[in-house]
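The values are calculated or read from the model by the stated rules, or taken from the named source; none is laboratory data. Here the structure is a predicted model, which is why all the values come from computation and not from measurement. Don't worry about glycine lacking a Cβ; one is built from the backbone with ideal geometry, like all the others, and counts go over all protein chains shown.
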Amino acid sequence: MFPARKRFESVDTNSGPSHDRRLAGSTRSKRATLALLGRFELIDDGSTVPLAPASQRLLAYVALAGRRVRRDGVAGALWSVESEHRAHTNLRSAIARVGARVPGLLYAVGAELALADTVSVDLDDARRVALEVISRPAATAIESAALSMSALSAELLPGWYDDWVVNEAELWRQQRLHALEALSRVLTKAGRYAEAVVAAQAAVAGDPLRESAQAALIAVHLREGNQSEAVRTFERYRSRLRDELGLEPTAQLRGQLGHGTIT
């Protein structure tokens with residue numbers, strides 16, 4: 001959420017920051033959703049809004065930077081190979097295109113840009129679920145967490161390789177993998193084994209060499225009484241770990257299967 005404020009500057013789609021039209025608060029009442037997980041998509045009033053690549057990158061940058069950023073920071077990050085003047089010109093052009101497609105989506109707050117309060121970002125929602133599952137697994141609302149499994153399984157803006165995306169994508173990857181493992185344990189404890197397997201497999205898909213993800217999957221199989229599945233999971237992991245890294249599974253993972261189960 002934005003800090004308390006008395007006045008906004010609406011981004012004028014036809015001019016620069018010095019001509020921004022001042023408004024008392026956000027005048028946008030319709031809800032919009034900015035999807036960054038699995039793909040980029042802006043949904044306004046139930047319909048997907050087509051945007052030019054520069055406009056997509058602008059909205060993604062503002063959303064990932066905390067919904068409110070300085071104009072010069074945006075210009076420098078998105079058009080780093082351009083001159084300062086050209087970068088700011090490109091920024092004003094991108095702002096204008098966004099404003100033409102979805103009026104009121106972006107606001108200027110002095111020298112800063114911000115997303116309107118009526119815009120929800122799927123990454124923000126998914127992060128809240130992830131942090132809840134990780135920090136308070138015993139108190140996690142299983143139904144809502146299970147419904148969020150697809151979001152927890154999705155990469156952040158796959159195919160985008162800007163540094164500011166890659167860094168956030170790695171942070172989200174770590175968050176979601178920890179959350180999927182924790183969710184698998186919660187679902188296993190509740191006896192919801194099919195969903196627990198899906199959560200653990202999603203963690204494994206996110207990083208096949210991650211032992212804690214493999215351990216979560218093995219734990220579900222063992223709890224459900226499927227020892228053969230547990231052993232097959234372990235053997236596949238051991239083979240891949242040897243081939244790719246020349247390593248062996250830890251004694252802790254071996255012990256999870258019980259003495260004499262593997263050699």
Select from the range 163-196 the residues that are of a type in the set (D, E, K, R) and modelled with pLDDT under 95 and write down the one among them that is nearest to residue 63 (Cα to Cα). 163
Enumerate the strands (runs of 3 or more DSSP E) found wholly within the range 1-71, keeping only those where 2 or more residues are at pLDDT below 95 and out of contact with any Leu (no Cβ under 9 Å at 6 or more places or on another chain). 21-23
Residue 110 fails exactly one of the following numbered conditions: (1) buried (at least 18 other Cβ atoms within 10 Å of the Cβ); (2) at pLDDT below 90; (3) at positive phi. What is the number of that condition? (1)
